[in-house]
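The next block holds one structure in the form of structure tokens; read it before the comments.
The values are calculated or read from the model by the stated rules, or taken from the named source; none is laboratory data. Since the model is a prediction, treat every value here as computed from it, not as a measurement. Cβ placement follows ideal geometry from the backbone for every residue including glycine, while neighbour counts extend to all protein chains displayed.
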Ligand code: G1P
């Protein structure tokens, strides 16, 4: 069994759902309480034993790499001020994992972003994590997928049952149950109309993919939204390769939209030792009926 050593994070998009905040600041660096979204993703990768991160970025997104780099002046400053807590945090951050990056010249879709990492991966299975999907779980979500990959030897995709009216926002699978929470994927469709959805199981942004996906992505035409869709490429592999869908354990936030981003901040804020009491006390003062009129 080939080991999954590399993880791709597509981070080239404009983040239009969070404008104007994302005009200059990459959406991946927006903080959930005090930690940028992308750091949660990189921590998930590291905690799952993956050794290298491939960031697919674009113009103006260099600060994502800076976040994981050494910052000598800051470290010196913290040392002088005897801020050992912050200093340790900064050192851990910059030594966390090997990060390489590749540019996506224009956002042409998730499939195209993954294809940009081709020469850095070559011929081995790899993970893909979409930074919009923030997943808080006892065992990191990508680690749960790797457990299944190591057991079955098949590529695995995270799936989640979503309310019926939400299916047009996701890739949706047609499942055949294997065991509790694990399905063989018979088919999949990107952002179907409600009437055409084969189930309510939505693809969530965690994948363990085989290297064969690159050749298919290379000649996949633009699909829905005029973008090269990863779902369309995986679908073309389904006959030759068995793909599994795992209903992972954990809570997921769509942190790429305003409501999901704020929910993530509240959820983690109420668990943050420094602020949970103050935040909880404030929330108890809110008369929600005021806002629901
Ligand atoms: C992407 C995928 C989609 C998946 C979703 C999960 O869509 O194309 O299949 O369900 O991520 O977040 P996007 O949200 O980038 O449009």
Would you mention how many residues in segment 118-129 are farther than 12 Å from residue 11 by Cα, modelled with pLDDT of 95 or more and not in a helix (DSSP H, G or I)?
-> 4
Among (1) within 15 Å of the ligand (Cβ to nearest atom); (2) in contact (Cβ under 8 Å) with a residue 60 or more places away in the chain; (3) surrounded by 14 or more Cβ atoms within 10 Å (Cβ to Cβ), the one test that residue 251 misses = (3)
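Only residues that are in a helix (DSSP H, G or I) and under 20 Å from residue 106 (Cα atoms): list them for segment 1-46, please.
16, 17, 18, 27, 28, 29
Taking the criterion of being surrounded by fewer than 17 Cβ atoms within 10 Å (Cβ to Cβ) and more than 11 Å from the ligand (Cβ to nearest atom), would at least one residue in segment 164-173 satisfy it?
Our first condition is that a residue be surrounded by fewer than 17 Cβ atoms within 10 Å (Cβ to Cβ); within segment 164-173, this holds for 164-166, 168-169.
After this cut, where a residue has to be more than 11 Å from the ligand (Cβ to nearest atom) as well, the list is 164-165.
Yes; the residues of segment 164-173 include at least one that is surrounded by fewer than 17 Cβ atoms within 10 Å (Cβ to Cβ) and more than 11 Å from the ligand (Cβ to nearest atom).
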For segment 212-224, does any single residue satisfy the condition of being within 14 Å of the ligand (Cβ to nearest atom), exposed (fewer than 15 other Cβ atoms within 10 Å of the Cβ), more than 17 Å from the chain's Cα centre (by Cα) and in a loop (DSSP other than H, G, I, E, B)?
-> yes
Which pairs have Cβ atoms under 8 Å, sit 6 or more apart or on different chains, and link a residue in segment 260-271 that is over 17 Å from residue 131 (Cβ atoms) to one that is part of a helix (DSSP H, G or I)?
-> 266/279; 266/283; 269/276; 269/279; 270/276; 270/279; 270/280; 270/283
Could you please give the count of residues in segment 193-211 that are within 15 Å of the ligand (Cβ to nearest atom), under 17 Å from residue 110 (Cα atoms) and either at pLDDT below 95 or in a loop (DSSP other than H, G, I, E, B) (or both)?
-> 0
Per the filter on segment 174-191, residues within 20 Å of residue 133 (Cα to Cα) and either within 13 Å of the ligand (Cβ to nearest atom) or without any contact (Cβ under 8 Å) to a residue 60 or more places away in the chain (or both) are 188, 189, 190, 191
Would you call residue 128 more than 15 Å from the ligand (Cβ to nearest atom), surrounded by 14 or more Cβ atoms within 10 Å (Cβ to Cβ) and closer than 20 Å to residue 45 by Cα?
-> no
Please specify each residue of segment 90-112 satisfying the condition of being in contact with a helix residue (DSSP H, G or I) (Cβ under 8 Å, 6 or more places away or on another chain) and not in a strand (DSSP E or B).
-> 90, 91, 93, 96, 97, 104, 107, 109, 110, 111, 112
